[in-house]
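What follows is one structure encoded as structure tokens, with my remarks underneath.
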């Protein structure tokens, strides 16, 4: 299972490895309403717990926090990551972390790839019929990155 954490939209993507070939299982977005942080974090936690209970992943890959210019945004993203990681504890999942650059490099072959390039490669690698929403595609890319690192 891959996760692209966000304080308002947290993407998730579930794949299974069929030998060396990744197979799509599910993806989507946990959307948290605007407002206070605690209810948003609770929504992320509960939403990902539901995904974990439904699909029973054995491993959990999550994108690391990227701090650019706005420390406030980094704090909110860190809180969302914390809620996402905490959702795994009751299920005893092994947690793996990857930088955005590692994920893009693994899936697109270029560490500074645009979101649209990531979406295109996710569709291609998983043989999807439609382009997933950007946050879900990023989460699937995280899961794909993890699967590539296992080989």
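Mind checking whether some residue in region 107-129 is within 12 Å of the chain's Cα centre (by Cα) and under 23 Å from residue 8 (Cα atoms)?
no
Of all residues being under 13 Å from the mean Cα position of the chain (by Cα) and closer than 18 Å to residue 147 by Cβ in region 58-87, which is modelled with the lowest pLDDT? Just the residue, please.
The extreme case among them is 64.
Would you list the strands (runs of 3 or more DSSP E) that sit entirely within region 14-113 and hold 3 or more residues that are in contact (Cβ under 8 Å) with a residue 40 or more places away in the chain, touching a strand residue (DSSP E or B) at 6+ places or on another chain (Cβ under 7 Å) and surrounded by 15 or more Cβ atoms within 10 Å (Cβ to Cβ)?
Once the strands (runs of 3 or more DSSP E) in region 14-113 are filtered for at least 3 residues that are in contact (Cβ under 8 Å) with a residue 40 or more places away in the chain, touching a strand residue (DSSP E or B) at 6+ places or on another chain (Cβ under 7 Å) and surrounded by 15 or more Cβ atoms within 10 Å (Cβ to Cβ), what remains is 21-31, 59-63.
Among (1) assigned to a helix (DSSP H, G or I); (2) surrounded by fewer than 22 Cβ atoms within 10 Å (Cβ to Cβ), which single condition is residue 131 missing?
It fails just one condition, (1).
The values are calculated or read from the model by the stated rules, or taken from the named source; none is laboratory data. These numbers were taken from a predicted model, which means no experiment stands behind them. Here the Cβ is made from the backbone with ideal geometry for all residues, glycine too, and neighbour counts use every protein chain on show.
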